[in-house]
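Note sheet for the following structure.
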Amino acid sequence: MDRLPPLLYWSSLNSRQKEIYKKTAEHLFRLKRSVSFPPLPAEDADEVVRALHKDHPELFYVDFWSCFKTVSPLSGNCQGLIFSFLLPDSFITAGVHKAEESIQEMRQRMRGVPRAGLYRAIAKEMAKDITYKAEDSGNALLYHSIYGAMTSGSSVCEGISKLYLLYCQHMGLPCALVVGTLNGEDHAWNMIESGGRLMYIDVTNQVTAMDCFGMTGIGMTMSAERLRLLGYAWDLPRVR
C-alpha cells in the first residue's frame, strides 16, 4: 500500500465482499435494519461489518457491536445481516443534521489553513472542544461513535478518532481509523498521508494534553516505527 485509499477497509475486501459491503451500506443509510444477499461464509460477513464500521463514522446510529447474522441451517453460510440502531428513527435525522453542521463548522474554522497544515489544525481544534472520557460505562452511542464527541464534547478514543476521520474525509484528506492497543489497553487512533508518507496521529493524546496542561503537544504525527516504540500495537497485515 503506497498511498492511503479513500476507504481503507473497503480496499482490503475481495470483490464478493465489496458487493455485500456496498449493498449493506446503502440499506443502513436508508435506515433499513436488515439486508439479505447470496450466501457467503460467516467470516466474510464479519469482515464486511468490520470494514463498514471503520470506514463510515457517519453511520454513528448503527450498533455494529451487536450485528446479528442470519445463517442457513444447512450450509452454515450467512444469508443476511440484521442491525440494531442506537437511536430511534425520529432522532437519527437530527443526529445526521448535527454531523453536517459540525463538518461545516470545522470547514469554516479551517479557512485559510494551507492543505499541508490541515491534519494538525483539525486535531488542535478538536482538542479545544472535546474532553476525554476515561470511563465509558459501555455506552456505544455516546462514547464509541461520533455522537458524544459532537453533542456533549466528551468521548473515549474511538469516538474521537472517528470524528477526526469524518472531518478529514469531508475535506478530502486521506485518513483511516486504526484500532489496536496502547501498552496493552484497547485504543484507537488514525493513519494519515503526510509528505508522501503514511503517518499516524493520535488525536486523543492531543485532547488529554489540552485537558491536563491547557495546550496541545508537539510532534503530533508519528511513523509506524515511533508508534511501536511508544507501546502501540495494531493489525499489521491490514494497516502498516
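What to note about this one:
- Read-out volume of the Cα convex hull per residue in Å³, derived from the coordinates shown; its label in (i) 212; (ii) 132; (iii) 113: (ii)
- Least to most buried among LEU86, LEU229, LEU182 (fewest other Cβ within 10 Å first): LEU229, LEU182, LEU86
- Checking every one of the GluC sites (Glu not before Pro) in region 115-161 against DSSP loop status and a limit of 16 other Cβ atoms within 10 Å picks out GLU135.
- Each residue in LYS162, LYS23 was given a count of other beta-carbon atoms within 10 angstrom of its own, and listing them fewest first yields LYS23, LYS162.
- For VAL156, nonlocal amide neighbours, meaning residues 5 or more places apart or on other chains whose placed amide H falls under 5 Å from its own, are LYS133.
- Among ALA99, ALA224, ALA127, the largest mean-square fluctuation in a Gaussian network model of the chain, built with springs joining Cα atoms closer than 10 Å, belongs to ALA224.
- Comparing mean-square fluctuations of ASN205, ASN77, ASN183 from a GNM of the chain with C-alpha springs under 10 Å, the top value falls on ASN183.
- Region 103-109 - phi-based ³J(HN,Hα) in whole Hz, Karplus 6.51/-1.76/1.60, Gly and Pro as x: 4, 5, 5, 5, 4, 5, 5
- Dividing the mean sequence gap of close Cα pairs (under 8 Å, 6+ apart) by how many residues the chain holds gives a relative contact order of 17 percent.
- Additional length obtainable on full extension of the chain from ASP235 to ASP44, 0.36 nm per residue less Cα span: 67.0 nm
- In this structure, GLU105 and LEU74 have a Cβ-Cβ separation that, at R0 = 41 Å, corresponds to a calculated FRET efficiency of about 0.20.
- Subset of LYS133/LYS162; LYS69/LYS98; LYS69/LYS162; LYS23/LYS98 violating a 22 Å alpha-carbon distance limit: LYS69/LYS98; LYS69/LYS162; LYS23/LYS98
- Over region 101-234, relative contact order from alpha-carbon pairs under 8 Å, at least 6 apart, %: 21
- Nonlocal amide H pairs with PHE37, under 5 Å, H built at 1.01 Å: GLY80
- Each label was represented as a point 7 Å from its Cα along the Cα-to-Cβ direction; for ASN139 and ARG115 these points are 3.9 nm apart.
All of the numbers you see were taken from the coordinates with simple rules; none came from a lab. Keep in mind that this is a model prediction, so the values were computed, not measured. Cβ coordinates were reconstructed from backbone atoms using ideal geometry, including for glycine residues, and neighbour counts include every protein chain displayed.
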